[in-house]
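What follows is one structure encoded as C-alpha cells, with my remarks underneath.
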Amino acid sequence: MNVRGSRRRRRSDQTERNAAAFEARYLDYQYIFVEFLLDHLIDVGRAFKGDFQAMLVLAVIGQTRLHAIRTAAENGYGLQFIAPENESSNASRISDLTGIPRQTVRRKLASLAQLGWIQRNADGSYRLVSSGGETLARRDLSETDRRAINRVAQLFTDLERLIEDHETLITKRQ
C-alpha cells in the first residue's frame, strides 16, 4: 500500500471512531453542531442580506476555485498556471448542485457580477474576480470569514472534547 492509501485508511478509521463517539453522545453532538450551524448561517445570512441562494451560488464558484488551486498545488504549480475554465462554473452545474432553478441562478450570478465578485468568461461560465491573489469577495467578506474561522475552531475544540470524553469512557469500561 502506498503512503497516500495508508493515510486514507487511517483517516477512514479515525472517521469511523469519531462517528461512533458522535452516535454515542448524540444529544451533545447535535447541540454542538446545530449551535455552530445556526451561528454560521445567521452570520452569513446577514452578510448576504438574507439572500442564501446568492451565498450558495458564490460558495459553489468559490469551491470550484479552491479545488483548482489545491489540485495545482498538489501537482507543483502556482496560481498563474490555473486555466480560467478550471476555476469556473456555469449556471447549469450550479443549478444541478444546489437545486436552485437555473433562471434564479442566472439572476444571482448577475447580482454577484454587479458586486464585482465574479466575472463571466467568454464561454458563459463564471469565476471569482481576484486581485493580487485575493478574491474581491473574500476581501469584502473578510470580517465574516474571520468570524467563521473562529467558529470552526470552536466547533473543532468542542467536538474534539466530546470524542476525548467518549474515548476515556470506553477505556475505563475495558
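The values are calculated or read from the model by the stated rules, or taken from the named source; none is laboratory data. These numbers come from a predicted model, not from an experiment. Quick reminder, even Gly has a Cβ in these numbers, built from the backbone with ideal geometry, and neighbours come from all protein chains shown. Note: accessible area is taken over every heavy atom of the protein model, side chains too, but ligands, DNA and RNA are not part of it. Shrake-Rupley method; radii C 1.70, N 1.55, O 1.52, S 1.80 Å.
Taking only the Cα atoms of the chain, how large is their convex hull per residue, in Å³? Can you show the working numbers first?
Values: hull volume 27.4 nm³, N = 174.
Value for the chain: 158 Å³ per residue.
Given all pairs of different Cα atoms, what value in angstroms does the Kirkwood hydrodynamic radius of the range 60-151 take? Could you put the intermediate results ahead of the total?
Values: mean 1/r = 0.0713 Å⁻¹.
Answer for the range 60-151: a Kirkwood hydrodynamic radius of 14.0 Å.
Hey, can you list the DSSP H helices of the chain whose Cα span along the axis is 24 Å or longer and whose average Kyte-Doolittle score is at least -0.5?
Values: long enough: 3-24 (32 Å, -1.70); 26-47 (31 Å, 0.48); 52-74 (32 Å, 0.78); 142-173 (46 Å, -0.79).
Counting only whole DSSP H runs, the qualifying helices are 26-47, 52-74.
So, with +1 on the Cβ of K and R and -1 on the Cβ of D and E, and no other charges, what is the size of the charge dipole of the chain about its Cα centre, to the nearest 20 debye? The partial results should precede the final answer.
On the way: 27 positive and 22 negative charges, 84 e Å.
With Lys and Arg at +1 and Asp and Glu at -1, about 400 debye.
Quick one: net charge around GLN114, please, counting Lys, Arg +1 and Asp, Glu -1 for every other residue with C-beta under 14 Å from its C-beta. Present the calculation step by step, with values, prior to reporting the outcome.
Working: positive: LYS49, ARG106, ARG107, LYS108, ARG120; negative: ASP51, ASP140.
Computed value for this residue: +3.
Any chance you could run the full-extension gain for ASN86 through PHE33? It's 0.36 nm times the residue separation minus the Cα-Cα distance, nm to one decimal. Present the calculation step by step, with values, prior to reporting the outcome.
Numbers: separation 53, 0.36 × 53 = 19.08 nm, distance 3.27 nm.
Contour length minus the Cα-Cα distance gives 15.8 nm.
Sort out for me the Cα centre separation of the range 95-145 from the range 19-78, rounded to whole Å.
16 Å
Using a 1.4 Å probe on the protein heavy atoms, what percent of the accessible area of the range 114-173 belongs to carbon and sulfur?
Working: 1990 of 4040 Å².
Accessible surface attributable to carbon and sulfur in the range 114-173 totals 49 percent.
Rank THR171, TRP117, LEU38 by how far each Cα sits towards the positive end of the charge dipole of the chain (+1 on Lys, Arg Cβ; -1 on Asp, Glu Cβ) and give me just the farthest.
Comparing the listed Cα positions along the dipole, TRP117 ranks first.
Cα atoms only, the range 1-94: Rg and Dmax in Å?
18.5, 50
Return one whole number: the accessible area per residue of the chain in Å², for a 1.4 Å probe.
Details: 11880 Å² over 174 residues.
Accessible surface, normalised per residue, equals 68 Å².
Within the range 1-67, report the trypsin sites (Lys or Arg not before Pro) that DSSP leaves as loop and that have at most 10 other Cβ atoms within 10 Å. Walk me through the numbers before you get to the answer.
On the way: sites: ARG4, ARG7, ARG8, ARG9, ARG10, ARG11, ARG17, ARG25, ARG46, LYS49, ARG65; in loops: ARG25, LYS49.
Sparse-neighbourhood loop trypsin sites (Lys or Arg not before Pro): LYS49.
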